[in-house]
Amino acid sequence: MIVKREVLLKAIVTDRLKAQLKEAVEGAIGQLTDSQEEMEKQYRRLMLEVQRMDATRAMAVRQQVDVERRKHEDAKKDLQEQLAEYDELQMGEEFVLRTLEGTVEIQLGDNFFEKVRGAEIVIEDDIVKEIREQGPAGPA
């Protein structure tokens, strides 16, 4: 029988990896900034229209936009923290890129928990360097 399990994808930190990670985050920050600017433009146009018609509606729109501003700022702060973490990565260390879903074959007599315990794939500059199967768990 085949069952699903988690597989960690790890990368060995290289200059290339750091540059790729930072570029992705910087791109996301740029998109977020562009989105914020567009939201502010739309907000100003909308407020001109709404204020003429209904002060209560204008207040509700203002509150809604404030919530969105906070969300954008929180997201930007998180991305900037992530960028700082990437700056701190040391060459040669392993860095978890993501968790993948894999499968493993289970047969009668297998220790189920040892079989489904996660595996790891280690890459360096996109090349697979090592595949690790988790061994038996130590004492709990």
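If the condition is being surrounded by fewer than 14 Cβ atoms within 10 Å (Cβ to Cβ), acidic (Asp, Glu) and more than 13 Å from residue 3 (Cα to Cα), then the stretch 93-109 contributes only 93.
If you check residue 37 against the conditions, is it assigned to a helix (DSSP H, G or I) and either at pLDDT below 90 or not charged (D, E, K, R) (or both)?
Details: assigned to a helix (DSSP H, G or I): yes; either at pLDDT below 90 or not charged (D, E, K, R) (or both): no.
The answer is no for residue 37.
Is there a residue in the stretch 61-81 that is at pLDDT 95 or above, surrounded by 15 or more Cβ atoms within 10 Å (Cβ to Cβ), within 24 Å of residue 120 (Cα to Cα) and not basic (Lys, Arg)? No: the stretch 61-81 contains no residue that is at pLDDT 95 or above, surrounded by 15 or more Cβ atoms within 10 Å (Cβ to Cβ), within 24 Å of residue 120 (Cα to Cα) and not basic (Lys, Arg).
For the subset of the stretch 119-131 comprising residues that are loosely packed, with under 15 Cβ neighbours inside 10 Å and not hydrophobic (A, V, I, L, M, F, W, C), which member is nearest to residue 8 (Cα to Cα)? Among those that are loosely packed, with under 15 Cβ neighbours inside 10 Å and not hydrophobic (A, V, I, L, M, F, W, C), it is 130. Contact annotation: residue pairs with Cβ atoms under 9 Å, 6 or more positions apart or on different chains, pairing a residue in the stretch 110-121 that is without any contact (Cβ under 8 Å) to a residue 24 or more places away in the chain with a partner that is outside any strand (DSSP E or B) and of a type in the set (Gly, Ala, Ser), are 114/135; 114/137.
Please go through the stretch 1-41 and give me each residue that is among the small types (Gly, Ala, Ser) and more than 18 Å from the chain's Cα centre (by Cα), ordered by number.
Residues of the stretch 1-41 among the small types (Gly, Ala, Ser): 11, 19, 24, 27-28, 30, 35.
Hit for the stretch 1-41 is 35, nothing else.
For the stretch 45-66, the criterion of a residue being within 17 Å of residue 9 (Cβ to Cβ), of a type in the set (Ser, Thr, Tyr) and either part of a helix (DSSP H, G or I) or touching a residue at least 60 places away in the same chain (Cβ under 8 Å) (or both) is satisfied by no position.
When you check residue 98 against the structure, is it within 20 Å of residue 124 (Cα to Cα), in contact with a strand residue (DSSP E or B) (Cβ under 6 Å, 6 or more places away or on another chain) and of a type in the set (Lys, Arg), yes or no? So residue 98 fits the description; yes. Could you look through the stretch 14-39, keep only residues that are loosely packed, with under 12 Cβ neighbours inside 10 Å and without any contact (Cβ under 8 Å) to a residue 24 or more places away in the chain, and pick out the one that is farthest from residue 73 (Cα to Cα)? The qualifying residue farthest from residue 73 (Cα to Cα) is 19.
Scanning the stretch 89-119 for residues that are among the acidic types (Asp, Glu) and over 23 Å from the mean Cα position of the chain (by Cα) yields a total of 3.
The values are calculated or read from the model by the stated rules, or taken from the named source; none is laboratory data. Computed from a predicted model, the values in this text were never measured in an experiment. So basically every Cβ, Gly included, is an ideal-geometry build from the backbone, and we count neighbours across all protein chains shown.
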